[in-house]
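Engineer: Provided herewith is a single structure, encoded as structure tokens, for subsequent inquiry.
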Amino acid sequence: MSEAKIQVPEIVAVGEFANLLGVPVAQVITELMKNGVLATINESIDFDTAEIIAEFLGFEIEKISSEKSVKADIDVTSKNLEIRPPVVAVLGHVDHGKTSLLDKIRETDVAGGESGGITQHIGAYQVEVNGRKITFLDTPGHEAFEKMREHGARVTDIAIIIVAADDGPKPQTIEAIKHVKKAGSMMIVAVNKTDKPGADPTRTRQQMMEVGVSPQEWGGDTEFIDISSKTGEGIDKLLETIIALADVTELKADPQVPAQGVVIESRLEAGKGAVATILIQNGTLKVGDAILVGDAYGTVRSMENEHKQKLKEALPSMAVRVSGLKSVPEIAEMMQVFDSEKDARTESQKTKRYSTVRKLGEVKKIDAASLAEDIQKSQRSELSLVVKADVVGSLEAIKESLAKLSNSYVTVKFSAEGVGPISESDLNMAEVSDKIIIGFKSKLSPQIKQAAQTRGIKIINYDVIYELISDVKKVLAEMMPVERIETTVGHLKILAIFKISPKKSVVGGKMEEGEAKKGVWARLKRDGEVIEESEVIGVQKGMNEAPSVVAGEECGIGFGEKIKAEVGDVLEFFTITEKKKEL
């Protein structure tokens with residue numbers, strides 16, 4: 001076996017894998033086929049499969065990880081380090097007052113304009129408190145935005161977990177705590193709505209202890225602050241606590257190095273093209289800088305803050321909207337500065353391989369689980385959708401939420417996806433799938449609308465994400481198969497056989513248990529083995545028709561066909577009901 005290890009990414013195309021090994025593609029494909037994997041030159045395999053094939057071919061490989069950090073690398077020995085503002089995320093359950101808290105801090109009122117009363121997109125706002133700046137990330141509270149909320153926790157120094165004093169922690173609260181702990185961010189619990197009737201901050205603290213968060217005043221390690229985002233009570237103390245925590249940890253960055261940052265929102269905008277909101281974590285970003293964000297690259301054409309003020313440079317902990325990228329980057333992708341756009345483009349080509357990691361459903365694997373999955377898929381009903389959204393964050397959240405609705409009977413398949421207006425190409429993709437386009441705040445021109453109607457394509461646009469998910473769930477529920485439910489209702493031992501006609505037969509016997517009546521089904525058994533099944537067309541007691549017979553009674557059972565019964569056989573009576581399986 002070769003001593004030198006060949007570096008292979010987590011997900012690799014078959015053709016690229018062959019090139020890395022320096023062997024013909026046909027040889028790799030042949031080895032894959034021997035191992036039960038049918039993959040073409042352009043299809044991808046995972047590292048585990050690549051490792052098996054490499055071993056067969058006499059090579060040793062090692063994995064190039066596609067995990068990307070969302071924390072900038074800061075040289076702690078640099079003499080240019082300066083104190084930077086803390087980055088704070090507000091997380092918690094929908095309706096517990098996250099947006100109202102930020103409104104109170106900013107002294108603005110944006111909550112009323114949000115569809116469905118929830119924050120639809122991650123936003124960033126920098127405020128000044130007693131001469132000190134704090135950057136707030138506003139992360140969505142609805143459970144459908146789990147992924148976006150997770151990114152919010154990962155890029156923050158301090159996380160405020162907001163929990164209503166009249167409601168206590170909810171599943172989204174617990175989920176947010178999990179993300180914060182995983183990210184290693186400092187935590188403050190803001191007990192909100194203390195002004196409401198029924199509010200009980202003490203009970204809320206007890207409930208939070210049950211989910212692993214203990215107040216400092218009770219010997220724990222987390223600061224709890226009672227607030228009211230409606231009256232403003234406790235807000236000053238909350239802000240002072242944020243500043244105090246920031247002072248203790250001495251958050252620093254080097255403004256003199258090329259900028260590093262992370263995408264917290266992205267979208268396509270008319271007249272500007274791809275626009276990304278980037279949180280600067282280290283260094284200074286300047287207009288004219290060549291940047292790479294994930295596999296999107298470009299030159300910073302313009303920058304603006306949350307007030308739409310044009311900026312020439314952005315310092316650490318600032319969040320700025322940047323235009324000039326060639327494509328829309330994904331949320332949580334790292335941004336870095338290059339010497340030239342050419343260098344950024346070259347690196348972009350290298351990082352594009354990581355995009356396949358997000359499409360693991362297309363990866364060919366060698367394992368028993370994948371074979372079982374293939375078998376399962378052959379029995380599935382697929383709902384094939386084209387999904388468009390206004391921003392990448394919403395698109396990711398929608399896809400992730402819809403994917404969770406799939407089960408062993410029905411599944412959601414995305415025949416196409418993207419951000420921006422619904423286009424002619426979306427119609428083309430919908431036409432070869434289920435002729436359904438799901439839009440989330442997506443623009444739709446009259447021409448596209450008319451073309452869709454002409455081609456029989458249904459376009460449904462939503463403003464509230466959980467309404468979208470709910471409607472798709474209803475469609476999938478209708479696609480679920482009908483389940484046949486059998487219920488055993490009685491047993492009879494056959495004591496006599498009566499021939500009525502070539503097409504009808506009657507057996508006589510004694511009911512051993514249960515009940516038998518016209519319309520039920522009978523399963524003929526001999527020595528425990530099932531011989532046949534037939535529907536009961538009549539029940540007799542003596543010479544008379546009877547509505548039913550029960551245990552202990554002797555009777556005759558009529559069938560509309562000739563059955564192969566013998567004396568001593570057993571009839572097992574059962575009913576059949578049909579029920580649609582639940583999603």
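Engineer: Among the lysines, which have Cα under 30 Å from the Cα of Lys518 when same-chain residues fewer than 8 positions away are ignored?
Structural biologist: Here the lysines satisfying the reach criterion relative to Lys518 are Lys493, Lys499, Lys503, Lys504, Lys510, Lys541, Lys562, Lys564, Lys579, Lys580, Lys581.
Engineer: Return P(r) of the chain (all Cα-Cα pairs; 20 Å bins starting at 0; whole %; ordered from short to long distances).
Structural biologist: 16, 37, 27, 15, 5, 0
Engineer: Over every pair of different alpha-carbon atoms in segment 483-580, take the mean of 1/r and invert it; report that Kirkwood radius in Å.
Structural biologist: Details: mean 1/r = 0.0754 Å⁻¹.
Computed over segment 483-580, the radius equals 13.3 Å.
Engineer: While we're here: Under a Cβ-only charge scheme (Lys and Arg +1, Asp and Glu -1), can you give me the dipole magnitude of the chain about the Cα centre, in debye to the nearest 20? Please report the intermediate quantities before stating the final value.
Structural biologist: On the way: 75 positive and 91 negative charges, 296 e Å.
It comes to approximately 1420 debye.
Engineer: How big, on average over all directions, is the shadow cast by the Cα convex hull of segment 1-56, in nm²? It would help to have the intermediate numbers written out before the result.
Structural biologist: Details: hull surface 13.6 nm².
Mean shadow area of the hull around the Cα atoms is 3.4 nm².
Engineer: Looking at the chain, send over the antiparallel percent of its DSSP beta bridges, to the nearest 5.
Structural biologist: On the way: 94 of 139 bridges.
Taking every DSSP beta bridge within the chain, about 70 percent pair in antiparallel fashion.
Engineer: For Ala546, enumerate residues with amide H under 5 Å from its amide H, sequence gap 5+ or separate chain, H modeled in the peptide plane.
Structural biologist: Val539, Gln540, Lys541
Engineer: Could I ask something else about it? Computed over the Cα atoms, what is the radius of gyration of segment 503-552 divided by 2.2 N^0.38 Å, N being its residue count? Intermediate values should be presented prior to the final figure.
Structural biologist: Working: Rg = 11.4 Å, N = 50, 2.2 N^0.38 = 9.7 Å.
Here the Cα radius of gyration is 1.17 times the empirical estimate.
Engineer: I need the calculated FRET efficiency for the pair Glu483 and Glu382, taking r as the beta carbon distance and R₀ as 30 Å, to the nearest 0.05. Walk me through the numbers before you get to the answer.
Structural biologist: Values: r = 20 Å, r/R0 = 0.66.
So, using R0 = 30 Å, E works out to roughly 0.95.
Engineer: Sorted from largest down, give the three principal axis spans of the alpha carbons of segment 380-479, whole angstrom values.
Structural biologist: Largest first, segment 380-479 extends 38, 27, 18 Å along its Cα principal axes.
Engineer: For Phe136, enumerate residues with amide H under 5 Å from its amide H, sequence gap 5+ or separate chain, H modeled in the peptide plane.
Structural biologist: Those lying under 5 Å, H to H, from Phe136 are Val88, Tyr125, Gln126, Val127.
Engineer: Here is a further query. To test your reading of the geometry: what angle, between 0 and 90 degrees and rounded to tens, separates the Cα axis of helix 392-403 from the longest principal axis of the chain?
Structural biologist: 20
Engineer: Hey, rough spin-label estimate for Lys196 and Val567, points 7 angstrom out along Cα→Cβ, what's it come to in nanometres?
Structural biologist: Modelled inter-label distance: 7.8 nm.
Engineer: Which order do Ser302, Ser505 fall in if you start with the one that has the fewest other Cβ atoms within 10 Å?
Structural biologist: Least crowded to most crowded, the residues run Ser302, Ser505.
Engineer: Can you tell which of Pro481, Gln450, Ile264 lies farthest toward the positive end of the dipole of the chain, using +1 and -1 charges on the Cβ of basic and acidic side chains (Lys, Arg; Asp, Glu)?
Structural biologist: Gln450
Engineer: Could you calculate the FRET efficiency of Ile576 with Thr77 from 1/(1 + (r/R0)^6), where r is the beta carbon distance between them and R0 is 56 Å, rounded to 0.05? Before the final figure, lay out the partial values.
Structural biologist: On the way: r = 77 Å, r/R0 = 1.38.
After rounding, the FRET efficiency stands at 0.15.
Engineer: Long-range amide H contacts for Ser327: which residues qualify at under 5 Å (H placed 1.01 Å from N, peptide plane, sequence gap of 5 or more or a different chain)?
Structural biologist: Tyr297
Engineer: For a label point 7 Å from the Cα of Glu210 along Cα→C-beta, name the residues of segment 157-171 whose backbone N is under 15 Å from it.
Structural biologist: 164-171
Engineer: Something else: Taking Cα atoms, how many degrees apart are the long axis of helix 171-183 and the longest axis of the chain, rounded to 10 and kept between 0 and 90?
Structural biologist: Tilt relative to the chain: about 50 degrees.
Engineer: Hey, another quick one. Compute the label zone of Lys326 within segment 264-291: residues whose backbone N is under 15 Å from the point 7 Å along Cα-to-Cβ.
Structural biologist: Taking a point 7 Å out along Cα→Cβ of Lys326, the residues of segment 264-291 whose backbone N falls under 15 Å are 274, 290-291.
Engineer: Then there's this: May I ask you to list the aspartates and glutamates whose Cα is less than 20 Å away from that of Lys474, ignoring any residue fewer than eight positions away on the same chain?
Structural biologist: Reachable aspartates and glutamates: Glu143, Glu382, Glu400, Asp434, Asp463, Glu483, Glu578, Glu582.
Engineer: If you count, for each residue, the other Cβ atoms within 10 Å and average over each peptide, how do 537-544, 267-274 line up from highest to lowest? Write out the running numbers ahead of the final one.
Structural biologist: On the way: 537-544: 12.9, 267-274: 15.0.
The packing order, highest mean first, is 267-274, 537-544.
Engineer: Would you mind checking the radius of gyration and Dmax of segment 153-230 based on alpha-carbon positions, in Å?
Structural biologist: Cα radius of gyration and Dmax of segment 153-230 are 11.9, 36 Å respectively.
Engineer: OK, next. In nm, to one decimal, how far is the Trp218 label point from the Glu233 one, both placed 7 Å along Cα→Cβ?
Structural biologist: A separation of 2.0 nm, rounded to one decimal place.
Engineer: Now, a different point. I'd like the Karplus ³J(HN,Hα) series for segment 275-292: coefficients 6.51, -1.76, 1.60, θ = phi - 60°, whole numbers in Hz, and an x wherever there's a Gly or Pro.
Structural biologist: In residue order, the calculated couplings are 10, 10, 8, 10, 8, 7, 9, 7, x, 10, 8, 10, 4, x, 5, 7, 10, 10 Hz.
Engineer: Calculate the tail of P(r) for segment 260-354: the fraction of all Cα-Cα distances greater than 16 Å, expressed in %.
Structural biologist: Of all Cα-Cα pairs in segment 260-354, 46 percent lie more than 16 Å apart.
Engineer: Next question, about the same structure. Evaluate the charge dipole of segment 163-262 about its Cα centre and quote only its size in Debye, nearest 20, assuming +1 on the Cβ of each Lys and Arg and -1 on the Cβ of each Asp and Glu. Spell out each step's value before the answer.
Structural biologist: Numbers: 11 positive and 16 negative charges, 79 e Å.
For this selection, approximately 380 debye.
Engineer: Let me ask something else. Past 26 Å, Cα to Cα: identify those pairs from Lys170/Lys404; Lys182/Lys252; Lys272/Lys441; Lys104/Lys443; Lys286/Lys399, in the order given. Write out the running numbers ahead of the final one.
Structural biologist: Details: Lys170/Lys404 20 Å; Lys182/Lys252 22 Å; Lys272/Lys441 18 Å; Lys104/Lys443 32 Å; Lys286/Lys399 34 Å.
In this structure, Lys104/Lys443; Lys286/Lys399 lie more than 26 Å apart at Cα.
Engineer: Now, a different point. Placing +1 on the Cβ of each Lys and Arg and -1 on the Cβ of each Asp and Glu in the chain, which of Val213, Val567, Leu245 has its Cα farthest towards the positive end of the resulting dipole?
Structural biologist: Selected residue: Val567.
Engineer: Please list, in order along segment 450-467, the HN-Hα scalar couplings obtained from phi with the Karplus expression 6.51 cos²θ - 1.76 cosθ + 1.60 (θ = phi - 60°), rounded to whole Hz, x for Gly and Pro.
Structural biologist: Taking θ as phi minus 60°, the curve returns 5, 5, 5, 5, 5, 8, x, 9, 8, 10, 10, 10, 10, 10, 10, 5, 6, 6 Hz for segment 450-467.
Engineer: Can you sort Tyr409, Tyr125, Tyr462 by how many other beta carbons sit within 10 Å, fewest first? Intermediate values should be presented prior to the final figure.
Structural biologist: Numbers: Tyr409 16, Tyr125 19, Tyr462 22.
Ordered from fewest to most neighbouring Cβ atoms within 10 Å, Tyr409, Tyr125, Tyr462 come out as Tyr409, Tyr125, Tyr462.
Read-outs throughout are calculated quantities, based only on the coordinates presented, and are distinct from any laboratory measurement. As the structure is a computational prediction, the values presented were derived from the model and not from experiment. Note that we place each Cβ from the backbone using ideal geometry, even for glycine, and neighbour counts take in every protein chain shown.
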